[in-house]
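See below for the structure under consideration.
Since every read-out is calculated from the coordinates, none of them should be taken as a lab result. All values derive from a computational prediction rather than experimental measurement. A quick note on method: Cβ atoms are made from the backbone with ideal geometry, for glycine too, and the neighbour counts reach across all protein chains shown.
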């Protein structure tokens, strides 16, 4: 899917340092950004460890790694068809594809922890919705189980990853929660 990387995000994800980084940043206006929207089947967890520190654990399974690489191939094809002279892949060390003929090399790459840039703009399912307090964090009106008057209305309340951009669904959930809150307050 088309993406936008404002200069700060672009700079943080650009696989280069020093003079090379400066050279690439000077070309910022000539870059197009595509993102692979992965409908992942991997799972993770958020917890507090024994030292009281928040921990987040997420690991891509092999199927999702394959899908991500396939998505990179398709993005490279689109960019070359649109006239790109080079495609930069999301690796810390920098992986550069110089032509359509090199796209097949993507299939041989690996998704490497802390070496492949993977980001999420709408993390989903970390506070899943449901009526069972043992299996969910919020009820069907996005009200937090256990703390009165606390509501969560973002993609974290989805029971699973939905596999499409979630903005409309998030807005609908927030509007529904707001109507419920207003009703509770007698408005």
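At 222 nm, what helix-only mean residue ellipticity would the chain give, in deg cm²/dmol to the nearest 500, using -39500 (n - 2.57) for each DSSP H run of four or more?
On the way: 4 runs with 54 residues, N = 187.
So the calculated ellipticity at 222 nm is -9000 deg cm²/dmol.
As I understand it, the value is the acute angle between the Cα axis of helix 167-184 and the longest principal axis of the Cα atoms of the chain; what does it come to in degrees, rounded to 10?
20 degrees
Given a Förster distance of 22 angstrom, what is the FRET efficiency for residue 148 paired with residue 187, based on the Cβ-Cβ distance and rounded to 0.05? Numbers along the way, then the final one.
On the way: r = 18 Å, r/R0 = 0.80.
In this case the efficiency is close to 0.80.
Report the calculated FRET efficiency for residue 82 and residue 171 (r = Cβ-Cβ distance, R0 = 30 Å), to the nearest 0.05. Display every interim value, and only then the final one.
Working: r = 31 Å, r/R0 = 1.03.
Taking R0 as 30 Å, the efficiency between residue 82 and residue 171 is 0.45.
Mind jotting down the three principal axis lengths of the chain based on Cα atoms? Whole angstrom, largest first.
Sorted from largest, the Cα extents of the chain read 61, 39, 31 Å.
Restricting to bridges with both residues inside segment 1-135, how much of the DSSP beta-bridge set is antiparallel, in percent to the nearest 5? Before the final figure, lay out the partial values.
Details: 12 of 12 bridges.
Around 100 percent of the beta bridges assigned by DSSP in segment 1-135 are antiparallel ones.
For segment 122-187, what log10 I(q)/I(0) values come out of the Debye formula at q = 0.19 1/Å, with one point per alpha carbon and no solvent?
Normalising to I(0) and taking log10 leaves -0.68.
Need one number for segment 7-113: average projected area of the convex hull over its C-alpha atoms, nm².
Values: hull surface 34.9 nm².
Averaged projected area of segment 7-113's Cα convex hull equals 8.7 nm².
What does the convex hull of the Cα atoms of segment 78-187 come to per residue, in Å³, rounded to a whole number? Provide the component values of the computation, followed by the final result.
Numbers: hull volume 16.7 nm³, N = 110.
Hull volume over Cα atoms, normalised by residue count, gives 151 Å³.
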